[in-house]
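A short worksheet on the structure shown next.
The values are calculated or read from the model by the stated rules, or taken from the named source; none is laboratory data. Note that the structure is a prediction, hence the values are computed from the model and not measured. With ideal geometry, Cβ positions are generated from the backbone for all residues, glycine too; neighbour counts draw on all protein chains shown.
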Amino acid sequence: MKFGIIVFPGSNCDHDCYHAAKHIFGQHAEYIWHKDTNLNGYDCIILPGGFSYGDYLRTGAIARFSPVMNDVIMFAKRGGLVIGICNGFQILAEAGLLPGVLMRNRDLRFICKAVHIKVENNETVFTSAYKKGEVLSMPIAHADGNYFADAETVKRLEDNNQIIFRYVNANGQMTEDANPNGSINNIAAIINEKGNVFGTMPHPERACESILGGEDGRGVFEGILSQMSNVKAQMPKN
């Protein structure tokens, strides 16, 4: 499988994503500069975390207009797998590939710590390796992770089972104290209606090795690899 990791000016988690894809899971991975406009041959595109363009204007607001984003949008419309992690999630929202917006954290402070999240939907490409209701621990590192959308959009996300991860406490309870940034309905990660564009504020690529504190993020990559293996197994052989 071939991963493409987009590098924007200010990206700082691109190496983490590359390390996870290539060195932990043994897949082909390449960096894609934000001015490149050819995504042919990739199976999954990752928009990593960081501070693209210094987070000027709004997080992701400038990166959304990088030349590569037109191709990311077309790639997603063709059904290609796209992951936006932290700043990448913010960029996907600005680009209209995911609904809603990521605002300043409730306490207006940058937060960097491990949090508990619950798997709300394990019937996606990105979460099939998890159990529904499973409580995971993953790190967050953001100042603008406060997910918000209008009431109609939130209802649609809830009704369509598009909320993938939710902030909870260690016992899996959705409480205000467990919500680190004020996200509406404790939303930590969502998916588009088609099921191929995934945005998450917690960092799965930073939770793939026990030496770094835990392996709960492995399931995201394992789900993708399992899905791609099934697709390739069903392809006719020449």
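Under 9 Å by Cβ, and 6 or more places apart or on different chains, what pairs join a residue from the stretch 53-65 that is touching a residue at least 40 places away in the same chain (Cβ under 8 Å) and farther than 16 Å from Gly96 by Cβ with one that is in a loop (DSSP other than H, G, I, E, B) and among the aliphatic types (A, V, I, L, M)?
Tyr53/Ala61; Tyr53/Ile62; Gly54/Ile62; Asp55/Ala61; Asp55/Ile62; Asp55/Ala143
Which members of the stretch 84-113 meet the condition of being part of a loop (DSSP other than H, G, I, E, B), surrounded by 15 or more Cβ atoms within 10 Å (Cβ to Cβ) and within 15 Å of the chain's Cα centre (by Cα)?
Selection gives Cys86, Ala95, Leu97, Leu98, Pro99, Gly100.
Within the stretch 21-36, take every residue that is under 19 Å from Gly80 (Cβ atoms) and touching a Pro at 6+ places or on another chain (Cβ under 8 Å) and give me the one that is modelled with the lowest pLDDT.
Asp36
Looking at (1) under 16 Å from the mean Cα position of the chain (by Cα); (2) within 28 Å of Ser226 (Cα to Cα), which one does Lys22 not meet, given that it meets all the others?
Just one mismatch for Lys22, condition (1).
Is there a residue in the stretch 45-66 that is of a type in the set (D, E, K, R) and more than 19 Å from the chain's Cα centre (by Cα)?
No, the conditions are met nowhere in the stretch 45-66.
Under the condition of being outside any strand (DSSP E or B) and among the hydroxyl-bearing types (Ser, Thr, Tyr), which residue from the stretch 114-137 is surrounded by the most Cβ atoms within 10 Å (Cβ to Cβ)?
Of the residues in the stretch 114-137, the ones outside any strand (DSSP E or B) are 120-134.
Add one more test, that the residue is among the hydroxyl-bearing types (Ser, Thr, Tyr), and what stays is 124, 127-128, 130.
Details: Thr124: 20, Thr127: 24, Ser128: 17, Tyr130: 22.
So the residue we want is Thr127.
Specify the residue that is surrounded by the fewest Cβ atoms within 10 Å (Cβ to Cβ); the eligible residues are those in the stretch 180-220 that are without any contact (Cβ under 8 Å) to a residue 40 or more places away in the chain and on the phi < 0 side of the Ramachandran plot.
Start the filter on the stretch 180-220 by keeping residues that are without any contact (Cβ under 8 Å) to a residue 40 or more places away in the chain, which leaves 183-186, 193, 210-212, 215.
Keeping just the survivors that are on the phi < 0 side of the Ramachandran plot gives 183-184, 193, 210-212, 215.
On the way: Ser183: 21, Ile184: 17, Glu193: 11, Ser210: 8, Ile211: 6, Leu212: 12, Glu215: 15.
Selected residue: Ile211.
Out of Gly10, Gly79, I need the residue that is touching a Gly at 6+ places or on another chain (Cβ under 8 Å), at positive phi and not hydrophobic (A, V, I, L, M, F, W, C). Which one? Show your work before the answer.
Numbers: Gly79 fails: touching a Gly at 6+ places or on another chain (Cβ under 8 Å).
Criteria check complete, one pass: Gly10.
Quick check on my filter: what residues within the stretch 18-55 are of a type in the set (D, E, K, R) and either assigned to a helix (DSSP H, G or I) or surrounded by 18 or more Cβ atoms within 10 Å (Cβ to Cβ) (or both)?
Correct list: Lys22, Asp43, Asp55.
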